[in-house]
Structure formats: structure tokens, C-alpha cells
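Here is the structure we will look at.
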Amino acid sequence: MSLDYFKAIRGTFVIQGYEPDGDSVRFIADDPTQFADLHRGHLIAPSKRDGSVQLRLEGIDAPETHYGTAAQPYADTARDRFLTALGFTGWTVAQNGKTVSTSTPASVRGLILTRAADIHGRPISYVLVSSKHHFNDGQLGAMGTVVLKDTVNYFMLETGNAYGLFYSSMPLQHRHIMRAAAHAARTASHGLWPLDKSELFKLRDQHSIGPEGSLIFPKLFRRCTDFLKAAGTAEVGFDLSDWLLLHPSEDDQLFVETKHGTHHLTVSLHAVLAQHNGKLGFQLDVLDVVFIEK
């Protein structure tokens, strides 16, 4: 399938028995064969339990409710905003705080607009539950601004309930539109933005970035968590930047993009981290960063 077009795949969103968060949910396609001609479509493996697949929502990164056993501040709030936007009106969560035990309704009808899966077999998707737009199952076409702004992805950025997470595989115009929404939410101090400490935060142990600690850009949180798991604490003979250098698979490649679409040379994640008086700082504006799709 041409990467210039998105495919509409109709189906249902389900959360009961799963662990949704603010940027991921399970989706059961009406016709699973529609995944076949997506880029990396062969990696998509619907669950034998109910035929659902885990989605990766394009353009957003919400605080983690569960990255292994680790979690972030604001994560439950982001999840709740997301599930409400999908159309779920109620749910209960098990004692582990992650698994949805019951939901009302049991499922929500909608569609995803996608053109590829990621390396983990998750369709990279825009989620649409609005009845204002009609798409036939399997319909291919360009995705314009009006549709983009009606997606749940855009809602999460516009309301400040997720960070922007932009990849090189994302259309340039989409990055501009989504970035503008996130910048506006931050300027207005909506949602998570008053809590954000990505620019400078302590990294001593998992508690320092846990639910009672500093809220940071979730992709950076995941790298910090992997580092702490390997190192025990940050107060060891090397810091996060050193560790990233030793683990290239974790050392994301990125560039900074201007509103005109031009960008600086590609650099590695370790190169944009710095220590300041015992604190770690992400030296770039997280909303202006574009990560190279693996």
C-alpha cells in the first residue's frame, strides 16, 4: 500500500480484561485481512482470545500507567480522559490498578486510519469515533485537516492530556497541526503541562520519576526506567548518557524541526541530555523533536 494514503479499518474498541492507558487500546477489526497490505502488516498478529490487536496511537505519548511495574504521575487521569473520549461511560479497575474489570458499554464502534505497523506489530493509528465522517471499510485516501482534528489523537493533545510524540514516518503536515495543538495546550497550562519537569528533574531512583515524583516526557521516562533497572540507581559510576551510548537500541535518533519543516542534523538521545547541579535535563523542547522511525 502506498505510504501516501491511509486505510480506514472499521471495528470495535475493547478494554475489559486489558490494560489501556492514555495512548493505547485494543481494537477488533471487522475484517482482519485489511491489515495485510499495510507496511509491516505481516507483523500484526490478532489475539487468539478475541481477535484484538494493540494499537499505537500516532502523534501522542501519554504518561505511563504501567511500564513493567513502573508508572508516572497523571497517568490514570490521562487514561480516563482517553477512555471517555473513545465513548466509554464507565469502567472498573482491578486491584492492580491497571486491568479493566468491567466497562460500559462493553465495546465502542469506530475506526482506525492507518498505513503501517511498528516493529512490534502494532498498527500505527489515528482513532476516529465521530459520526461526522463516513469511511467504507478498507477505503484508501489522503487524510485532511478536518478529519485529523476530529481524531481522539488530536483531542488528547488539544486538551493537554498527552505529550506530542512525532516520528519521521508521520506526514509533515500532520506534525505541524498536532504540534500546534500541543503548544497551545502547554501555553494555556492545560492538563499535564503544569506538572511537566522534562527540562530539569532529579533521577536518583524510580521513585524520583514515579507517581509521587517528577512528570517527564514518557519516552524519556521509559529510557530512564530501563537504565535504572539495569544500574540499580543513578548514583553509579556512569550516568544515563553513558548508558545510552553503551545500548544503541535505546539511544534514539532524533532531529529538531522548525515550523517551516526544516531541521537540524540528526543526533542521538544521549547528546541532548545534560547534568545540572545533580539534576538531569532534556535540552530540547520535547514538542519540537522528531524521532527517526525504526
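The values are calculated or read from the model by the stated rules, or taken from the named source; none is laboratory data. Remember, predicted model here, so these are calculated numbers, not experimental data. Glycine also receives a Cβ, built like all others from the backbone with ideal geometry; neighbour counts cover every protein chain displayed. Protein only, heavy atoms only, side chains kept; ligands, DNA and RNA dropped before computing areas. Shrake-Rupley method; radii C 1.70, N 1.55, O 1.52, S 1.80 Å.
Some points to look at:
- Conditions (1) of a type in the set (A, V, I, L, M, F, W, C); (2) outside any strand (DSSP E or B); (3) modelled with pLDDT of 95 or more: number failed by residue 112: (2)
- Residues in region 228-263 that are hydrophobic (A, V, I, L, M, F, W, C), open to solvent by 30 Å² or more (accessible area, probe 1.4 Å) and modelled with pLDDT of 95 or more: there are none.
- Residue, most open to solvent (accessible area, probe 1.4 Å), within region 264-294, restricted to residues that are more than 17 Å from residue 242 (Cβ to Cβ) and of a type in the set (S, T, N, Q): 277
- Test: residue 28 is open to solvent by less than 10 Å² (accessible area, probe 1.4 Å), closer than 28 Å to residue 104 by Cα and either outside any loop (DSSP other than H, G, I, E, B) or of a type in the set (Lys, Arg) (or both): no
- The number of residues in region 137-178 that are out of contact with any Phe, Trp or Tyr (no Cβ under 9 Å at 6 or more places or on another chain), among the aliphatic types (A, V, I, L, M) and open to solvent by 20 Å² or more (accessible area, probe 1.4 Å) comes to 2.
- Among residues of region 87-125, those that are farther than 14 Å from residue 16 by Cβ and β-branched (Val, Ile, Thr), counted: 4
- Filter pass, residue 139 being over 21 Å from residue 81 (Cα atoms) and modelled with pLDDT of 95 or more: yes
- Residues of region 97-109 satisfying the condition of being more than 22 Å from the chain's Cα centre (by Cα) and either modelled with pLDDT under 95 or of a type in the set (A, V, I, L, M, F, W, C) (or both): 106
- Which listed residue is under 30 Å from residue 212 (Cβ atoms) and open to solvent by 10 Å² or more (accessible area, probe 1.4 Å), from 71, 78: 71
- Top-ranked residue of region 33-55 - restricted to ones that are within 29 Å of residue 92 (Cβ to Cβ) and free of Cβ contacts under 8 Å to residues at least 40 places away in the same chain, ranked as surrounded by the most Cβ atoms within 10 Å (Cβ to Cβ): 52
- Restricting attention to region 115-136 and to residues that are within 20 Å of residue 170 (Cβ to Cβ) and among the charged types (D, E, K, R), the residue that is most open to solvent (accessible area, probe 1.4 Å) turns out to be 122.
- Pair list, Cβ < 9 Å and 6+ apart or interchain, from region 139-159 residues that are within 23 Å of residue 29 (Cβ to Cβ) to residues that are among the β-branched types (Val, Ile, Thr) and assigned to a helix (DSSP H, G or I): 148/177; 154/177
- Flag if residue 102 is in contact (Cβ under 8 Å) with a residue 40 or more places away in the chain, among the β-branched types (Val, Ile, Thr) and open to solvent by 30 Å² or more (accessible area, probe 1.4 Å): yes
- Criterion violated by residue 111 - all others in (1) more than 23 Å from residue 159 (Cα to Cα); (2) in contact with a Lys or Arg (Cβ under 6 Å, 6 or more places away or on another chain) satisfied: (1)
- Strands (runs of 3 or more DSSP E) fully within region 179-294 that include at least 3 residues being over 19 Å from residue 23 (Cβ atoms): 253-256, 273-276, 279-282.
- When region 81-99 is filtered for residues that are open to solvent by less than 10 Å² (accessible area, probe 1.4 Å) and either farther than 25 Å from residue 192 by Cα or of a type in the set (Phe, Trp, Tyr) (or both), the ones remaining, listed by number, are 82, 88.
- Among residues that are more than 29 Å from residue 92 (Cα to Cα) and either under 21 Å from the mean Cα position of the chain (by Cα) or without any contact (Cβ under 8 Å) to a residue 12 or more places away in the chain (or both), residue 8 is included.
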